[in-house]
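No value in this document is a laboratory result; all are computed from the given coordinates. Remember, it's a predicted structure, so these values are computed and weren't measured experimentally. Here the Cβ positions follow ideal geometry from the backbone for every residue, glycine too, while neighbour counts run over all protein chains shown.
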Amino acid sequence: MRIRTVFVSTLLGALAACSTPGTRSDLLETTLQSYAATIRWGNFEDAVTFIDPETLKAHPLTKLDLERYQQVRVAGYLEQPVRPSGENEVRQTVEITLSNNNTLSVRSFLDRQVWRYDEKTKHWWLMTGLPDITQH
């Protein structure tokens, strides 16, 4: 009987460990994939939720900024591998290709992203803000 109790306790502990959230790197991968999908679909207003709240407070998006994002369609989002740049920070360079809705011109630019892990909230935040689509 005692062996059965130990076995059941061990099994429940193993199941609990499997149900806990993934590692920090798993969370980063999920966050980057979600952000990429959001940008690929051109949901820039939704992409704002990925930005670090302090960064957003210091550099709020204006109505004009959001109107600019509505003038383009994302035609490509090519990610480079993530590079660690500190204990709680990674960098990723992404080539974004845009098509202008009015002129149909196509251009590409590099978006150099910095992501920071917040230990308190267990969340990865984009520190560099939304892509600067005014780059040439």
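A simple charge model with +1 on the Cβ of Lys and Arg, -1 on the Cβ of Asp and Glu and nothing else charged puts the dipole of segment 23-126 at about 220 debye relative to its Cα centre.
The residue among 44, 58, 25 whose Cα reaches farthest toward the positive pole of the charge dipole of segment 23-126, with charges on the beta-carbon of Lys, Arg, Asp and Glu, is 44.
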